[in-house]
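Below you'll find the structure, written out as structure tokens, and then a few comments.
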């Protein structure tokens, strides 16, 4: 993948992630919780694909990226 293709792919994935996130907000505001969670899942999925595309050619293998994302989730999870 050349630099221009990579930049287009990154932009496409950013747009996809934000669109899914915005759809999730609308769905949650209207009480469609299962659909909102589905859209949030895809927002994260697109963001992970974006990060993988961006970092895999620089320095971060996929298994390390997965570990980092999992760690961030655990850190950000509210404690009851």
Checklist entry - How do the pairs read when you match residues in segment 11-31 that are over 14 Å from residue 51 (Cβ atoms) with residues anywhere that are not in a helix (DSSP H, G or I), using Cβ under 9 Å and keeping only pairs 6 or more apart or on different chains? => result 26/32
Item to check | residue 6 being assigned to a helix (DSSP H, G or I) and free of Cβ contacts under 8 Å to residues at least 12 places away in the same chain | outcome: no
Checklist outcome for this item: Picked from segment 26-59 (must be farther than 20 Å from residue 12 by Cα and surrounded by 16 or more Cβ atoms within 10 Å (Cβ to Cβ)), the residue modelled with the lowest pLDDT is 36
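The values are calculated or read from the model by the stated rules, or taken from the named source; none is laboratory data. Keep in mind that this is a model prediction, so the values were computed, not measured. As a convention, Cβ positions derive from the backbone with ideal geometry for all residues, glycine included, and neighbour counts pool all protein chains shown.
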